Amino acid sequence: ISSIILRDLRITLEGQEILYVKKIQLNYQPHNIIFKTLIINKFEIDSLKAAIIKDKDSIWNFSKLPLSKEKEEKIDTVKAFDYYIKIKSFKIVNANIRYFDELQSLSDNSKFSDLNFQNLNLDFSASLDFSKEKHRLNLSNLKFELRPFNFKLNKFNFNFLYDKNAVSLSDFNIETENNKLNLNANLNFPESILSSNISVDSILNKTNYKL
């Protein structure tokens, strides 16, 4: 098992900090790569702060970064993704992300031109088998606060399964300060039969709707 830890990663552009991460930790198993298997035990991003800004000339701040512009070699996507990838734990802890569109703010003074995602936390795992076309995604939780709308997502989680014969979405839950949404659905191939169960619970009105 190998580990990589980066601390106090900072990117500054034209005197403004556009990215800061207190800690990035990656723990993986390199010996399985020769068997076309990549296992990531832990990938955690702690205390991320990012600014995504578009100026009045419609130029994104990150587009000004001095990235390499060398021609990339063409990749055979079939061979490149003939792997099994397992991510046991991917976490974003206490992130704060700002999105600001200067041009839009000047034209219509919209609240959507300046958004702040605060206290964002994400926890998910996945297994992706590209050779067998079978994938699983598990979002354990996503939560954040959105300003200036005073919106708070308390919980968002789901289990998603996909293979050549069926698609399944289970334990799909969204919870805000005012509402809860629960969803389970299955789609089978080639019959394309869809079965679902949807429940919406309004916390404020103490009402429940089922479809």
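The values are calculated or read from the model by the stated rules, or taken from the named source; none is laboratory data. Keep in mind that what you see is a predicted model, and the values were worked out from it rather than measured. Note that we place each Cβ from the backbone using ideal geometry, even for glycine, and neighbour counts take in every protein chain shown. Ligands, DNA and RNA are excluded from the accessible area calculation, which covers all protein heavy atoms including side chains. Shrake-Rupley method; radii C 1.70, N 1.55, O 1.52, S 1.80 Å.
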- Task: Go through the range 22-66 and count every residue that is polar (S, T, N, Q), open to solvent by 50 Å² or more (accessible area, probe 1.4 Å) and in a helix (DSSP H, G or I).
- Result: 1
- Out of all the residues in the range 80-90, is one or more of a type in the set (V, I, T) and either closer than 30 Å to D101 by Cα or at pLDDT below 85 (or both)? no
- Note on the structure: Reported set for the range 106-115 where residues are crowded, with 16+ Cβ neighbours inside 10 Å and of a type outside the set (A, V, I, L, M) is S113, D114
- Message: Just the residues that are open to solvent by 60 Å² or more (accessible area, probe 1.4 Å) and within 14 Å of L153 (Cα to Cα), please, taken from the range 119-139.
- Response: N119
- Query: In the set I52, I45, I40, which member is at pLDDT below 95 and hydrophobic (A, V, I, L, M, F, W, C)?
  - Reply: I52
- Query: Could you give every pair whose Cβ atoms fall below 7 Å, whose first residue belongs to the range 1-29 and is in contact (Cβ under 8 Å) with a residue 40 or more places away in the chain and within 26 Å of I39 (Cα to Cα), and whose second residue is in a strand (DSSP E or B) and not hydrophobic (A, V, I, L, M, F, W, C), counting only separations of at least 6 or pairs across chains?
  - Reply: I1/N27; I1/Q29; I1/N41
- Message: Being aromatic (F, W, Y) and free of Cβ contacts under 8 Å to residues at least 40 places away in the same chain is the filter here; which residues of the range 30-51 pass it?
- Response: F35
